[in-house]
Amino acid sequence: MEIEHNKIAQKWQGEWAKANAFTRAKNPKRKFYCLEMFPYTSGKLHMGHLRNYSIGDTLARYKRMQGFHVLYPMGFDSFGLPAENAAIKQKINPKEWTLTNVTKIEEQMKALGLSYDWSAEVVTCRPEYYKWNQWLFIQMFKKGLAYKREAPVNWCPNCGTSLANEQVIQGKCWRCETEVRQEMLSQWFFKITEYTEELLEGIKQLDGWPPRVRVMQENWIGKSEGTEIFFKIKDSDKTLSTFTTRPDTVYGITYLVLAPEHPLVLELTKGTPYEAQVKEFVEKVKKESLIDRRDETKPKEGMFIGKYFINPVNGDECPLYIADYAILEYGTGAVMAVPAHDQRDFEFAKKYKLPIKVVIAPDAYELRPDRMTRAFIDDGTLVNSGEFNGSQNRDAMEDISKFLEKKEWGKRCTQYKLRDWLISRQRYWGTPIPIVYCKKCGALPVPEDQLPVLLPEDVKFTGEGNPVGTSSSFVNTTCPKCGGPATRETDTMDTFVDSSWYFFRYCSPKYEKGMFEKKEVEKWLPVDQYIGGIEHAILHLLYSRFICRVLRDLGLTKLSEPFNKLLSQGLVVKDGAKMSKSKGNVVEPKPIIEKYGPDTARFFILFAALPEKQLDWSDAGIEGIFRFINKLYSLAEKPLPHTPGKGKLNNPDRFMLSRVNRLTEIVTGHIENFEFSLALTEIMNFVNELSRYKLSDEGAMGYCLRRVALLFAPFIPHTSEEIWHRLGETSLIVQQEWPKQDAQWIDARAEGIESVKAAVRDDIASIAKLLNKEKLASVTLFCAAQWKFTAFALLKSKMPITDMKAVMQGLMSNQELKPHGGEISKIVERVAKKQGSVPLATLTRDDELAALADLTAEFPNLKVVLEEKSSEQKSKNAMPGKPAIIVE
RNA sequence: GCGGGGGUAGCAAAGUGGUCAAAUGCGCAGGACUUAAGAUCCUGUCCCUUAGUGGGUUCGUGGGUUCGAAACCCAUCCCCCGCACCA
């Protein structure tokens, strides 16, 4: 029978909608907030999205069945450059383009049967959303957390806008991969550095986050503790400050390096013979791209600028250099150079023939500057270091810092890599920054009752400059303070501002009195499980952590960390390579869903790899899953009773009832651990067994299949729902409770008997095969009196006796050891202790006979011969748990 | 260089002290069904050998711990990801 997967899917999607099955509860008791990173509205969903949402939907459905009140919302990150580019290229309004795409994506999500609460939908480009971006901006402005500053910023010439540091990946624009330039511009920043230490400390509490994401954030914040040291410049009243993490090497300074852009450079060289040359060098370095400049393999370049400084600790006079390897943004933009103990300084000193002075001596050999081929960076004993001679350099770090502080030559300080978040974008499709410039009154925030500042519609998209500026009706306004003529800020906000608090908005999506309703947020947040790609490890996740703290300090929430658990889903690849248009290995989800239905697609994507791991897309693999789902349908074609028959169940029935209950525990465990692929494998195995065993009792079959449907329900909801109903149920499976192992059906004896039978049956079958006969004329089971079935059966049911048996075998096989009974019992004891005590179920002799009796029914010519006395040879054969078989 | 994660059969991917020659899916081979193909079902799929069986060699490589190691420890090689002239 042909299964019409998509028709079935649509049918149940309709039923779920009718039953309003996924709307969030008004008053959640056991709440669960399941969140996926909302998509950018490019119009098409790709495999990564499909994976992301399959994981989240499965979890949301599972939690719902477990009785949690689930908030599982979806929205759209809908501001951003692609919309504007489409406008320029295709002459479409960005708004139109975006909203059309929203509709398209919604349709695709609905076709997948994702169980979102659509009533909570958030679309960031709508004024009712971005109004609150503006409101937030104004609050931050008032607190000094949003400010405008002239600074060297990252400029993407292709996107025509500035970028935050986080959005520059290896010197290139995160969106278009164009090389980023440095430009001096006046821009708006969010003062994320106000929260640096807190954001860093907070990472320690995030134990529900993947380690790599935590490490990436730590690295990005880049804390280093060290010492600032001040140097007097000879023949000048200027003082230079440098940052170092190695104060123990301060006696080894032989020169000092300034970043070429350092403000002191031009000042110090002004009117000196070096001026022209220095200017030339500075210009040259400025022209180099950041990528070139940060290339470690490139030889370091620099020059002497004609000045000397005095090392306060020993009075040494040393030359002042500028060099491309010093970077203005890090530390103080000046480096104290200790060539003997720093590799970069060493290379530079060699190139420019600067002296090398050893101040840390290795324990094992003597370090001679003229023979050094590289810097000595290990630990050792201080030499040439005045009063600190002889101390270990590790100790000296602390002592010298204290010494410098006492003398006021330096002070200990902490340095971070994290810079303030540049949020100005010189583009149209974003939230207008709500600032007005008045010649008299300066930069003023738009009064809150005038929000939102709407994006102008009368703009021209020329592809050059910021379109916002082309709307004179927008730009020209009046000063909110003096009423005089004023102009509006034309920059818009980084879209990452939108996405840094959208998950708050979901809790009260239509709230008009604020960003969100405090009461609702208290009910739902923090997000219990967040799921998304690793690409946001720093960007979105760091910004959200920051904004959450800002909201906390504005008194809007009590929360510091918004995301309790985070899952970074792995990449979807094809043939071992990332899907990309240039490689031509892109698989679109849409045709897959049209061909196989949503459940097959979801099943495959959850089955093929653990959520965190890379997933290799396989067209053959999805065929396999499709076959499996069809097989599942073929098992449940007619209504079956939901409980096993009242009469005597035969052993296979009892066995499968026991299996399905054990399976329930196993599957639950796997879901809890996010091992979806393993959960699915286990259910598949069971279904395959179920199709092989012909259960005699319809009730037992009905019970097993219902359980399978329930266990599958979070993964393949449409199929499960259909099967549930085909079996005769009338309620919706999405509203069922998640099943629990029912102890009354656990039957170790039945399991043992089936194991014995399976083993013997296998043997008989293989003998038949070998003899090339369909049925054997006569098979005799030749059994020793002392069977080992017990051990064997338990082997199959994961009892600790397994270990004991193995221990025994291990000991027996060791010829040299020949342990005594005492030793064995010790080991057995140890194993038992480790495993915890589990009651042993044993098969009696009668059980074993029952197993063989079952088999004689299957094989009419089977004879069971019982040997009362076991001889050595025979017990050897019988030893692993199987009786000997004799064929006549 | 630093940090994170890995290396398991033809492929993908489980397994983290003893049911392990190792789940599951794909692929491959054989069989059943069929006029045939497809679909479906069954069986097999490291090597040698056997009627059952037994033996050998395997989980990157080399050592070690253990009665017993794919799993634990040490060393080593390789791969992927992130950061990086960070002073």
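The values are calculated or read from the model by the stated rules, or taken from the named source; none is laboratory data. Quick caveat, the model's predicted, so the values are computed rather than measured. Virtual Cβ from ideal backbone geometry, glycine too; neighbours counted across all protein chains shown.
Values computed for the structure shown
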| quantity | calculated |
| --- | --- |
| Among (1) farther than 17 Å from A:TRP16 by Cα; (2) assigned to a helix (DSSP H, G or I); (3) within 16 Å of RNA strand B (Cβ to nearest atom) - the single one A:ILE723 does not satisfy | (1) |
| Condition met for A:ARG394 (charged (D, E, K, R), surrounded by 13 or more Cβ atoms within 10 Å (Cβ to Cβ), over 22 Å from A:GLY144 (Cβ atoms) and modelled with pLDDT under 90) | no |
| Check on A:THR272, away from RNA strand B (no atom under 14 Å from the Cβ) and among the polar types (S, T, N, Q) | yes |
| Conditions (1) touching a residue at least 60 places away in the same chain (Cβ under 8 Å); (2) under 30 Å from A:GLY171 (Cα atoms): number failed by A:ASN158 | (1) |
| The stretch A:343-368: number of residues that are surrounded by 13 or more Cβ atoms within 10 Å (Cβ to Cβ), small (Gly, Ala, Ser) and either away from RNA strand B (no atom under 16 Å from the Cβ) or over 26 Å from A:LYS298 (Cβ atoms) (or both) | 1 |
| Residue check, A:GLU177 surrounded by fewer than 16 Cβ atoms within 10 Å (Cβ to Cβ), over 21 Å from the mean Cα position of the chain (by Cα) and closer than 30 Å to A:LEU554 by Cβ | no |
| Residue tally, condition out of contact with any Lys or Arg (no Cβ under 7 Å at 6 or more places or on another chain), buried (at least 20 other Cβ atoms within 10 Å of the Cβ) and more than 14 Å from A:ALA111 (Cα to Cα), over the stretch A:569-607 | 4 |
| Total residues in the stretch A:413-454, condition without any contact (Cβ under 8 Å) to a residue 40 or more places away in the chain and assigned to a loop (DSSP other than H, G, I, E, B) | 1 |
| Matching entry among A:THR249, A:THR227, A:THR244, A:THR269 (being over 30 Å from A:ASN393 (Cα atoms) and polar (S, T, N, Q)) | A:THR269 |
| Helices (runs of 4 or more DSSP H) wholly inside the stretch A:586-689 that include at least 1 residues being over 18 Å from A:TYR703 (Cβ atoms) and of a type in the set (Gly, Ala, Ser) | A:598-607, A:619-635, A:651-672 |
| The stretch A:177-198: number of residues that are out of contact with any strand residue (DSSP E or B) (no Cβ under 7 Å at 6 or more places or on another chain), away from RNA strand B (no atom under 16 Å from the Cβ) and of a type outside the set (Asp, Glu) | 1 |
| The stretch A:186-220, residues that are surrounded by fewer than 16 Cβ atoms within 10 Å (Cβ to Cβ) and outside any helix (DSSP H, G or I) | A:SER186, A:ASP207, A:GLY208 |
| Leading residue by the ranking (farthest from RNA strand B (Cβ to nearest atom)) among those in the stretch A:673-682 that are buried (at least 23 other Cβ atoms within 10 Å of the Cβ) and aliphatic (A, V, I, L, M) | A:ALA679 |
| Segments classed as helices (runs of 4 or more DSSP H), wholly inside the stretch A:79-178, with at least 2 members that are within 30 Å of A:GLN10 (Cα to Cα) | A:94-111 |
| Unique residue being under 30 Å from A:GLY222 (Cβ atoms) and within 16 Å of RNA strand B (Cβ to nearest atom) when the list is A:GLY597, A:GLY533 | A:GLY533 |
| Residues located in the stretch A:501-516, provided they are surrounded by 19 or more Cβ atoms within 10 Å (Cβ to Cβ) and either among the acidic types (Asp, Glu) or under 25 Å from A:LYS191 (Cα atoms) (or both) | A:TRP501, A:TYR502, A:PHE503, A:PHE504, A:ARG505, A:MET515, A:PHE516 |
| Contacts under 8 angstrom Cβ, first residue in the stretch A:314-342 being more than 7 Å from RNA strand B (Cβ to nearest atom), partner assigned to a strand (DSSP E or B) and of a type in the set (Lys, Arg), 6 or more apart | A:PRO319/A:LYS307; A:LEU320/A:LYS307 |
| Qualifying residue in the stretch A:286-298 (condition: over 30 Å from A:PHE388 (Cα atoms), touching a residue at least 12 places away in the same chain (Cβ under 8 Å), within 16 Å of RNA strand B (Cβ to nearest atom) and aliphatic (A, V, I, L, M)) | yes |
| Residue list for the stretch A:252-278, filter: part of a helix (DSSP H, G or I) and either within 46 Å of the chain's Cα centre (by Cα) or without any contact (Cβ under 8 Å) to a residue 40 or more places away in the chain (or both) | A:GLY252, A:PRO263, A:LEU264, A:VAL265, A:LEU266, A:GLU267, A:THR269, A:GLU275, A:ALA276, A:GLN277 |
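This table checks each residue for (1) hydroxyl-bearing (Ser, Thr, Tyr); (2) assigned to a helix (DSSP H, G or I); (3) within 11 Å of A:THR249 (Cα to Cα).
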site: A:LYS350; (1), (2), (3): no, yes, no
site: A:LEU354; (1), (2), (3): no, no, no
site: A:LYS357; (1), (2), (3): no, no, yes
site: A:ILE377; (1), (2), (3): no, no, yes
site: A:GLU387; (1), (2), (3): no, yes, no
